[in-house]
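Please read the structure below before turning to the comments.
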Amino acid sequence: MESGNLAWILISAALVLFMTPGLAFFYGGMDRGRNVLNMLMMNFYCVLIVPILWVLVGYSLSQVPFENDFIGNFDAFMLKNITEAGDGSTLATVAFLGMFAAITPALISGAVADRMKFSAWALFVPFWLFLAYVPIFKWVYGGWLGQRGSIDFAGGTAIHVNAGIAALAAVLVLGKRKAGAAPPHSMPLVMIGTGILWFGWFGFNAGSALAANGQGAQAFMNTFLAAAAAGSAWVIVEWLRDGHPTNLGAASGIVAGLVAITPAAGYVAGASPIFIGLIAGVVCCYAVKLKNKAGYDDALDVVGVHFFGGLVGSLLIGFFSDPDFFKGSFEKGLFFGGDTGLLLEQALANGVAIVWSFVITLILMLVLKNTIGVRVSDEPEYNGLDLAEHGETAYHS
Amino acid sequence: MKLITAIVKPFKVDDVKDALRAAGIAGVTASEVRGFGRQGGHTETYRGSEYAIDFVPKVKLEVLASDSDAQRIVDIITGAAQTGKIGDGKIWVTSVDSVVRIRTGETGEAAI
């Protein structure tokens, strides 16, 4: 690997790591003031435990060997197959992919906010990583879903649809918050979290080119444009519908656009990211209201933003994919001279990920519920998880 | 001696403080409080969901005064805090048995 490519992957890995604290503040600001530290800790816990699990066997099972259909093997257990630093390319790739593994379970924390026992979360994360993330990641990247022709540039199916549908399964087992929903305790925290997420997402998407090249630069542009378009769309919808252009609407739209462009970032160009962003912004702005009608308590809208945003972006590849622009070997989308083949493969890949992730998460949560329990008792739910679960208080007055 | 307690709109606090200071009033205690009166609460919309905010932010001002000054202070606060709109707040006056200035031990009106 050339030094320029290596430098970009290492920088991108650090950018993706920074997204987890960004997500923590995005969620933490939206949460109640008495539960904000619990939310931060659920996120930071993922960057404590996942890097170790990733190097232990996560990377090996999800990527070694690359051509395995369903699951890897133990050849890279504890990275024992990397016997010398070499040009650094393998080490950089393992680290870069490990950052994705860390943030994916963290995405689910927003759904279970305000009521999940931290001990249950501490067990949920490693089990979910190996039972849901690792297999789906393998199938999409190198495995049978990828071999069939579906594409997922930086993790729309493998990360956002996967975590988004898992969030739904988790809250169905967990149940509703007894104290109900509350407005964000700190909108400034939400906004700084959004800024950090957007910044880090350039590493997430443009870094997924795994090279400092034209595809990476286009992924960078797409990350820039789709988020802006989705943020604008969300704000316009709520300004017309609810009467005010809100900060939370801007933040939510930006994240929805980032999620939607993730699977498409290296496959679309020109004005396509703007259309993808606009569609994602409108869809997600309405999707976050589904929970009120359907009755599931997805506290901070992981389903509405990540599941729907990821699904919309992944399916829109079937329309906007433009291999000629990239001189790429992937299929053309419907708007660029292709047939429905790619769209159907995208639908299949997401369908498989949805069913697997939902069922596995449901079983995992039910096992936890019937063994150690998944909910805090009533008193900490009303008095705050920060003090009960962590012995800390965010704000002293 | 009297204790004048006023609940006012937060954005009027500086006007009240300036008016009291201009009139030579020696001290005020201010606290951020929440409550509801005829104004009621309001709703805020986040991601399209409305949340009822039942308690409205207000500032509570407490001023100690001699009996002869009390009415003048009530008038000053009323004048400075009034917008004419619902939610301007209230002022009430209560009698005070004793006052001590901690630094000197002075008591009564000398301590005000």
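The values are calculated or read from the model by the stated rules, or taken from the named source; none is laboratory data. Keep in mind that what you see is a predicted model, and the values were worked out from it rather than measured. No Cβ is skipped: glycine too gets one built from the backbone with ideal geometry, and neighbour counts run over all protein chains shown.
I need the full set of residues from the stretch B:96-112 which are under 16 Å from residue B:63 (Cα atoms) and assigned to a loop (DSSP other than H, G, I, E, B), in order please.
We begin by selecting, within the stretch B:96-112, every residue under 16 Å from residue B:63 (Cα atoms); these are B:96-101, B:108-112.
Of everything in the stretch B:96-112, those that are under 16 Å from residue B:63 (Cα atoms) and assigned to a loop (DSSP other than H, G, I, E, B) turn out to be B:96, B:97, B:98, B:99, B:101, B:112.
So which residues in the stretch A:250-269 are within 13 Å of chain B (Cβ to nearest Cβ), without any contact (Cβ under 8 Å) to a residue 60 or more places away in the chain and within 20 Å of residue A:311 (Cα to Cα), if there are any at all?
Taking the stretch A:250-269 first, the residues within 13 Å of chain B (Cβ to nearest Cβ) are A:250-253, A:255-256.
Next, from what is left, pick out any that are without any contact (Cβ under 8 Å) to a residue 60 or more places away in the chain: A:250, A:252-253, A:256.
Across the stretch A:250-269, the qualifying residues are A:252, A:253, A:256.
Here residue A:331 meets the list (1) crowded, with 19+ Cβ neighbours inside 10 Å; (2) within 26 Å of the chain's Cα centre (by Cα); (3) assigned to a helix (DSSP H, G or I) almost entirely, failing just condition (3).
Pull up the stretch A:106-165, narrow it to residues that are hydroxyl-bearing (Ser, Thr, Tyr) and surrounded by 24 or more Cβ atoms within 10 Å (Cβ to Cβ), then point me to the one that is nearest to residue A:350 (Cα to Cα). Can you show your working first?
Step one: list which residues in the stretch A:106-165 are hydroxyl-bearing (Ser, Thr, Tyr), which gives A:109, A:119, A:133, A:141, A:150, A:157.
Narrowing the set further to residues that are surrounded by 24 or more Cβ atoms within 10 Å (Cβ to Cβ) leaves A:109, A:133, A:150, A:157.
Numbers: A:109: 22, A:133: 14, A:150: 9, A:157: 6 Å.
Within the stretch A:106-165, the match that is nearest to residue A:350 (Cα to Cα) is A:157.
Going by the structure shown, is residue A:261 under 19 Å from the mean Cα position of the chain (by Cα), under 18 Å from residue A:221 (Cα atoms) and surrounded by fewer than 24 Cβ atoms within 10 Å (Cβ to Cβ)? No.
The set of residues in the stretch A:270-317 being more than 12 Å from every other protein chain (Cβ to nearest Cβ), under 27 Å from residue A:112 (Cβ atoms), of a type outside the set (Ser, Thr, Tyr) and touching a Ser or Thr at 6+ places or on another chain (Cβ under 9 Å) consists of A:281, A:302, A:309, A:310, A:311, A:313.
Out of the residues in the stretch B:24-39 that are more than 14 Å from chain A (Cβ to nearest Cβ) and surrounded by 13 or more Cβ atoms within 10 Å (Cβ to Cβ), state the one that is farthest from residue A:245 (Cα to Cα).
Per the stated criteria, the residue is B:25.
Scanning the stretch A:352-371 for residues that are farther than 13 Å from residue A:167 by Cα, assigned to a helix (DSSP H, G or I) and polar (S, T, N, Q) returns a single hit, A:370.
Mind checking which residues of the stretch A:146-176 are of a type in the set (S, T, N, Q) and either in contact with a Pro (Cβ under 8 Å, 6 or more places away or on another chain) or modelled with pLDDT under 95 (or both)?
Initial filter on the stretch A:146-176 (of a type in the set (S, T, N, Q)): A:147, A:150, A:157, A:162.
Across the stretch A:146-176, the qualifying residue is only A:157.
The set of residues from the stretch A:213-254 being surrounded by 19 or more Cβ atoms within 10 Å (Cβ to Cβ) and touching an Asp or Glu at 6+ places or on another chain (Cβ under 8 Å) comprises A:246, A:249, A:252. For the stretch A:57-82, the candidate set comprises residues that are farther than 21 Å from residue A:147 by Cβ and within 22 Å of the chain's Cα centre (by Cα); within that set, the residue that is surrounded by the fewest Cβ atoms within 10 Å (Cβ to Cβ) is A:57.
Scanning the stretch A:198-208 for any residue that is over 24 Å from residue A:114 (Cβ atoms) and touching a Pro at 6+ places or on another chain (Cβ under 6 Å) turns up nothing. Counting only strands (runs of 3 or more DSSP E) that fall entirely inside the stretch B:1-94 and contain at least 3 residues that are under 30 Å from residue A:297 (Cα atoms), the qualifying elements are B:42-46, B:49-53.
From B:13, B:99, B:74, B:59, which residue is more than 14 Å from every other protein chain (Cβ to nearest Cβ) and touching a Leu at 6+ places or on another chain (Cβ under 7 Å)? Write out each step before concluding.
On the way: B:13 fails: touching a Leu at 6+ places or on another chain (Cβ under 7 Å); B:74 fails: touching a Leu at 6+ places or on another chain (Cβ under 7 Å); B:59 fails: touching a Leu at 6+ places or on another chain (Cβ under 7 Å).
One residue alone meets the criteria, B:99.
The residues of the stretch A:178-189 that are more than 10 Å from chain B (Cβ to nearest Cβ), in a helix (DSSP H, G or I) and surrounded by 15 or more Cβ atoms within 10 Å (Cβ to Cβ) amount to a single one, A:189.
Quick one: how many residues across the stretch A:372-384 are part of a loop (DSSP other than H, G, I, E, B), surrounded by 15 or more Cβ atoms within 10 Å (Cβ to Cβ) and of a type outside the set (A, V, I, L, M, F, W, C)? Don't jump to the end; show me each part of the working.
Step one: list which residues in the stretch A:372-384 are part of a loop (DSSP other than H, G, I, E, B), which gives A:372-374, A:376-377, A:384.
So of that shortlist, the ones also surrounded by 15 or more Cβ atoms within 10 Å (Cβ to Cβ) come out as A:374, A:376, A:384.
When the remaining residues are screened for being of a type outside the set (A, V, I, L, M, F, W, C), the result is A:384.
Total satisfying the criteria: 1.
Listed here are the residues, each with its yes/no results for (1) touching a helix residue (DSSP H, G or I) at 6+ places or on another chain (Cβ under 9 Å); (2) part of a loop (DSSP other than H, G, I, E, B); (3) among the polar types (S, T, N, Q).
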residue: A:238; (1), (2), (3): yes, no, no
residue: A:241; (1), (2), (3): yes, no, no
residue: A:244; (1), (2), (3): yes, yes, no
residue: A:266; (1), (2), (3): yes, yes, no
residue: A:278; (1), (2), (3): yes, no, no
residue: A:284; (1), (2), (3): yes, no, no
residue: A:307; (1), (2), (3): yes, no, no
residue: A:311; (1), (2), (3): yes, no, no
residue: A:314; (1), (2), (3): yes, no, yes
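Taken together, the residues in the stretch A:83-105 that are among the charged types (D, E, K, R) and buried (at least 24 other Cβ atoms within 10 Å of the Cβ) amount to 0.
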